[in-house]
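Asks: I have a structure here, written as structure tokens, and I will follow up with some questions on it.
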Amino acid sequence: MSRDAFEGQVAIVTGAGHGLGQAMAGMLAELGAVVHGADVAAGELRATQQWIAAADRGAFVPRTLDVRDSLAWEAWVDDIADRHDGQVDILINNAGGVAGQMHHPIEQISDEDWAAVMEVNLGGAFRGIRAVAPLMKARGYGRIVNITSGAGRSWSLTGIQAYTSTKAGEIGLTRQMAFELGPHGITVNAIAPGFIRSNPATERQWRAMSPEEQGRLVAGTPVRRLGTPQDIAWAVRFLVHPQSDFITGQVLSVDGGHQMF
Ligand SMILES: NC(=O)c1ccc[n+]([C@@H]2O[C@H](COP(=O)([O-])OP(=O)(O)OC[C@H]3O[C@@H](n4cnc5c(N)ncnc54)[C@H](O)[C@@H]3O)[C@@H](O)[C@H]2O)c1
């Protein structure tokens, strides 16, 4: 895959301040795309900007934004469209997680707990696609990737009901949008990462495991290691490549073979 394939492309990455989103933003910028990255955490976003600039990785334009906010999405995508004459090639819906929650039995889950995860993970992906679809349709081209989880294909180590539900929901959204947007030259796929020690929640989970449990998690992974943010960025790179135009509505597990279907 040549750098030229992405030169001049315009990409949007949510949750770009940290972890997987930061790696994806860095990779796309390095490949020549102008990357517009959003995060609710302004400081984290600045760190991504500095990291990309320091390594001379390419163009990164930060925006502090909460993916739950429809008006903020509209304003952001309008700005991007103005700046690039209506061009948006790539959208990566990555922002998400467990909203700081720990596992509790379902009878202890409040409506607010449930909504907090729903609105970011699934609501954010919905709002992102809704915001960029008209621009992509107008140009007859687009690549959308939703970052779901192995949890969305099965169950979650987090134990958080809303997390698993949103990640399964993102798979449904991916398929429905692939069906709807395919005739417009837009592909929509999902990546289901395996366990990656990229955020406070997974770090907490890892540390809560005994050495034997940690060993079992790695031993249950055919390639015998945990994932890294770079592993996910590589998969994104494949799915958003212009030549991946016959791949849509798919869920790609990037988990060292943990889930095989
Ligand atoms: N790390 C893993 O093991 C793993 C496994 C499967 C799926 N995932 C998924 O990958 C994605 C990224 O995970 P990560 O490990 O990089 O997490 P992370 O916490 O390191 O990064 C997520 C980023 O999203 C941002 N964010 C959270 N809420 C937001 C909001 N409302 N608006 C805008 N930005 C918001 C956070 O500030 C953070 O910078 C998530 O969707 C997560 O569910 C992660």
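The values are calculated or read from the model by the stated rules, or taken from the named source; none is laboratory data. From a predicted model like this one, the values you see are computed outputs, not experimental measurements. Positions of Cβ are backbone-derived with ideal geometry, glycine not excepted, and every protein chain shown enters the neighbour counts.
Asks: Being assigned to a strand (DSSP E or B) and of a type in the set (Phe, Trp, Tyr), is that true of even one residue in the range 66-79?
Replies: Looking through the range 66-79, none of the residues is assigned to a strand (DSSP E or B) and of a type in the set (Phe, Trp, Tyr).
Asks: Moving to a separate point now. Which residue is farthest from Arg237 (Cα to Cα), if the candidates are limited to the range 1-54 and must be among the small types (Gly, Ala, Ser), touching a helix residue (DSSP H, G or I) at 6+ places or on another chain (Cβ under 6 Å) and not in a helix (DSSP H, G or I)?
Replies: Gly17
Asks: Tell me, which residue of the range 228-241 that is away from the ligand (no atom under 14 Å from the Cβ) and surrounded by fewer than 20 Cβ atoms within 10 Å (Cβ to Cβ) is nearest to Trp155 (Cα to Cα)?
Replies: So the residue we want is Trp234.
Asks: Could you tell me whether the range 55-64 includes any residue that is within 14 Å of the ligand (Cβ to nearest atom), within 15 Å of the chain's Cα centre (by Cα) and not in a helix (DSSP H, G or I)?
Replies: There is no residue in the range 55-64 that is within 14 Å of the ligand (Cβ to nearest atom), within 15 Å of the chain's Cα centre (by Cα) and not in a helix (DSSP H, G or I).
Asks: Among the candidates Arg224, Arg237, Arg216, which residue alone is closer than 14 Å to Ile92 by Cα, at pLDDT 95 or above and of a type outside the set (A, V, I, L, M, F, W, C)?
Replies: Residue meeting the stated conditions: Arg237.
Asks: Further question: Going by the structure shown, is Gly26 at positive phi, buried (at least 24 other Cβ atoms within 10 Å of the Cβ) and not aliphatic (A, V, I, L, M)?
Replies: no
Asks: Quick check on my filter: what residues within the range 128-176 are of a type outside the set (Lys, Arg) and in a strand (DSSP E or B)?
Replies: Scanning the range 128-176 gives Gly142, Ile144, Val145, Asn146, Ile147.
Asks: I need the full set of residues from the range 18-41 which are within 13 Å of the ligand (Cβ to nearest atom), free of Cβ contacts under 8 Å to residues at least 40 places away in the same chain and touching a strand residue (DSSP E or B) at 6+ places or on another chain (Cβ under 6 Å), in order please.
Replies: Result: Ala25, Gly37.
Asks: Answer yes or no as to whether Gly21 is crowded, with 24+ Cβ neighbours inside 10 Å and farther than 25 Å from Ser244 by Cβ.
Replies: So Gly21 does not fit the description; no.
Asks: Report yes if some residue within the range 153-173 is away from the ligand (no atom under 14 Å from the Cβ) and closer than 30 Å to Asp89 by Cβ; otherwise report no.
Replies: Yes; the residues of the range 153-173 include at least one that is away from the ligand (no atom under 14 Å from the Cβ) and closer than 30 Å to Asp89 by Cβ.
Asks: Within the range 157-183, which residues are modelled with pLDDT of 95 or more and touching a Phe, Trp or Tyr at 6+ places or on another chain (Cβ under 8 Å)?
Replies: Of everything in the range 157-183, those that are modelled with pLDDT of 95 or more and touching a Phe, Trp or Tyr at 6+ places or on another chain (Cβ under 8 Å) turn out to be Gln161, Ala162, Thr164, Leu173.
Asks: Quick check on my filter: what residues within the range 83-119 are touching a strand residue (DSSP E or B) at 6+ places or on another chain (Cβ under 6 Å) and outside any loop (DSSP other than H, G, I, E, B)?
Replies: Within the range 83-119, Ile90, Leu91, Ile92, Asn93 meet the criteria.
Asks: For the range 29-43, give me each residue that is within 21 Å of Asn199 (Cα to Cα) and either buried (at least 24 other Cβ atoms within 10 Å of the Cβ) or among the hydroxyl-bearing types (Ser, Thr, Tyr) (or both).
Replies: Listed by number, the residues that qualify are Gly37, Ala38, Asp39.
Asks: Among the residues of the range 97-152, which ones are more than 16 Å from the ligand (Cβ to nearest atom) and within 15 Å of the chain's Cα centre (by Cα)?
Replies: Arg143, the sole residue that qualifies.
Asks: If we keep just the residues of the range 191-227 that are outside any helix (DSSP H, G or I) and in contact (Cβ under 8 Å) with a residue 60 or more places away in the chain, which is surrounded by the most Cβ atoms within 10 Å (Cβ to Cβ)?
Replies: So the residue we want is Ile191.
Asks: With the condition kept exactly as written, say whether any residue in the range 132-144 is surrounded by fewer than 22 Cβ atoms within 10 Å (Cβ to Cβ) and at pLDDT below 95.
Replies: no
Asks: Still on this structure, I have one more. Filter the range 1-17 for residues that are among the small types (Gly, Ala, Ser), touching a residue at least 40 places away in the same chain (Cβ under 8 Å) and away from the ligand (no atom under 12 Å from the Cβ); which is surrounded by the most Cβ atoms within 10 Å (Cβ to Cβ)?
Replies: Top of the filtered list is Ala11.
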